[in-house]
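Single-structure report; data block below.
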Amino acid sequence: MLKGKNIVLGVTGGIAAYKAVDVVSRLRKRHANVDVIMTKSASEFVTPLTFRSLSQNYVTVDMFEEPKTWDIEHISLAQKADVFLVAPATANIIGKVANGIADDMLSTTIMATRAKVVFAPAMNTNMYTNPIVQENIKKLKSLGHQFIKPGSGRLACGDYGEGKMAEPVDIVEYVTGLLINKDLEGKKVVVTAGPTIEPIDPVRYITNYSSGKMGYSLAVEAKARGANVVLISGPTNLEPPTGIEVIRVKTTEEMLKEVSNHFDSCDGLIKAAAPLDYRPEKVSDTKIKKNDGNLELSFIRNPDISQEISKRKEKQIMVGFAAETDNLVENAKKKIEKKKFDFIVLNDVSNRDAGFMSDTNIITIIDSNENLVEYPKMSKAEVSKVIIDKLVDMLK
Ligand code: PMT
């Protein structure tokens, strides 16, 4: 999602420096490049090695240490930054920047940057509410710098009040929001993800290998681009993405009901889930006991969610997936027609690096005019960007 974006993270000396580690990790998961500059006091709380290991970039602390390249480091990082984030931001760094003091690597680089500068303050509540700090914040805001408001609660010093650094997940959302084109603003996108399960008896069920990764990643990308996202998810082990309404379902019929509830009001429906096509004809109320013979179960057809829903299709763009192991293109084309998809994302699920469970996918997009584009192996986040780009184009 943030591939090609450069974030310079300034870490200053406060206990919340440990949370900045999580900020780096989350930004890296979104494929951003992160360069970390630490103040000397920050390195008392967390070592530069921790940030170097996570960011996979050299971490700068001292202005005058032996340079690693021939660039003038504070100038090159200042120019490279798409966003300059300071988290945690102490009263000291806020005061320095507000008053034009540039006396170490971090304050010098902030002075030299033309990127958006975002502060995530973290300090004792009396310091945060001190009129001098508030005056400095006001001044910086008036100069175009941005602040992520700290939360309230129990602070590291034992006091209660405002001054707790915003949560890493919220900081990362904020930064992502600054870097991503909001081309789905005002649109509602419904994404289905994961498998469905169908019970056999009170302790057994059938399902498939879908992990939900593809659908969750699409939901995150659509949300980052400004959409109001509803994620209808079968059972998965994934963390619910922040800021996204997640509706949990188990069976294919439950998924159909929820898709149906949201379809009329949506602009785009992305069917990345792998709903079961069949369910046991009878669900036993009691545990089926084993005996000497074989167990035979009879299965009946589940509704096809896409086919059912497509009967009500008006302005909505419907995106399908085709999980195929043979006659890939031919089978995918049949699904476009049958399920009235505007385009289908074909993945060869017999390939280990594509389809179910993997972190990557290898896709071919085929539209209803039979235009076909093949893509190389990409992470599911990169695949999501390609799919959302295509959805945005079709919504225009
Ligand atoms: O969840 P992951 O581990 O990340 O794996 C991702 C994935 C392989 C599940 C995903 O990329 C994918 O291919 N999803 C579709 C799986 C599937 O059910 O494919 P299908 O070819 O059987 O169905 C075609 C389309 O009809 C799909 O969009 C499917 O959501 C939809 N469908 C299927 C069955 C059904 N009863 N109703 C449906 O609407």
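The values are calculated or read from the model by the stated rules, or taken from the named source; none is laboratory data. Here the structure is a predicted model, which is why all the values come from computation and not from measurement. Glycine also receives a Cβ, built like all others from the backbone with ideal geometry; neighbour counts cover every protein chain displayed. Quick note on the areas: whole protein, heavy atoms, side chains included, nothing else; ligands and nucleic acids left out. Shrake-Rupley method; radii C 1.70, N 1.55, O 1.52, S 1.80 Å.
What's the FRET efficiency of Ser41 with Arg352 using the Cβ-Cβ distance as r and R₀ = 45 Å, to the nearest 0.05?
The value I calculate is 0.40.
What number comes out for the charge environment of Glu185, summing +1 per Lys or Arg and -1 per Asp or Glu over other residues with Cβ under 12 Å away?
Combined, the nearby Lys, Arg, Asp and Glu give +3.
What distance in nm separates the simple spin-label points at Lys289 and Asn126, each placed 7 Å from Cα in the Cβ direction?
Inter-label distance under the simple model: 7.4 nm.
If Lys and Arg each add +1 and Asp and Glu each add -1, what is the summed charge of the other residues whose beta carbon sits under 11 Å from the beta carbon of Asp367?
Surrounding charge for Asp367 is -1.
Suppose every Lys and Arg Cβ carries +1 and every Asp and Glu Cβ carries -1, with no other charges. What dipole size does the chain come out with about its Cα centre, to the nearest 20 debye?
Here the size comes out at about 580 debye.
Would you mind putting 242-252, 186-196 in packing order, based on average other-beta-carbon counts within 10 Å, highest first?
186-196, 242-252
Treating only the Cβ of Lys, Arg, Asp and Glu as charged (+1, +1, -1, -1), what charge dipole size does region 6-179 show about its Cα centre? Round to the nearest 20 debye.
For this selection, approximately 480 debye.
May I ask what percent, to the nearest 5, of DSSP beta bridges between residues of the chain are antiparallel?
Percent antiparallel among DSSP bridges in the chain is about 30.
Considering only DSSP states other than H, G, I, E and B, which trypsin sites (Lys or Arg not before Pro) in region 291-339 qualify as loop sites with at most 11 other Cβ atoms within 10 Å?
Lys311, Arg312, Lys315
For a protection proxy built on the mean count of beta-carbon atoms within 10 angstrom, sort 217-227, 45-55, 278-288 highest first, please.
By packing density, highest mean first, the sequence is 217-227, 45-55, 278-288.
Ordering Cys266, Cys157 by accessible area with a probe of 1.4 Å, largest first, what comes out?
Cys157, Cys266
If you stretched the chain out fully between Lys377 and Tyr278, how much longer would it get, using 0.36 nm times the residue separation minus the C-alpha to C-alpha distance?
32.5 nm
Region 294-333 to region 104-143: how many Å between their Cα centroids?
54 Å
Which value at 222 nm does the chain reach when only helices count, each DSSP H run of 4 or more adding -39,500 (n - 2.57), with the total divided by all residues and rounded to the nearest 500 deg cm²/dmol?
Computed ellipticity for the chain at 222 nm equals -10000 deg cm²/dmol.
Tell me which of Gln316, Asn302, Met214 sits at the most positive position along the dipole axis of region 173-326, charges placed on C-beta atoms (Lys, Arg +1; Asp, Glu -1).
Gln316
Within a Cβ distance under 13 Å of Glu162, other residues only, what is the Lys/Arg minus Asp/Glu net charge?
+2
Check Asp304: other-chain or 5+ apart residues with amide H under 5 Å from its amide H, H built from backbone geometry?
Distant-sequence amide H within range of Asp304: zero hits.
Do any GluC sites (Glu not before Pro) in region 329-396 lie in a DSSP loop with no more than 10 other beta carbon atoms within 10 Å, and if so, which?
The qualifying sites are Glu370.
Would you work out the relative contact order for the chain, in percent, from Cα pairs under 8 angstrom that are 6 or more residues apart?
RCO, the chain: 11 percent.
What is region 1-160's relative contact order, in percent, from Cα pairs under 8 angstrom and six or more apart in sequence?
Reported as a whole number, the value is 23 percent.
Relative contact order (percent) for region 160-214, with alpha-carbon contacts under 8 angstrom and 6 or more residues of separation?
Relative contact order, region 160-214: 23 percent.
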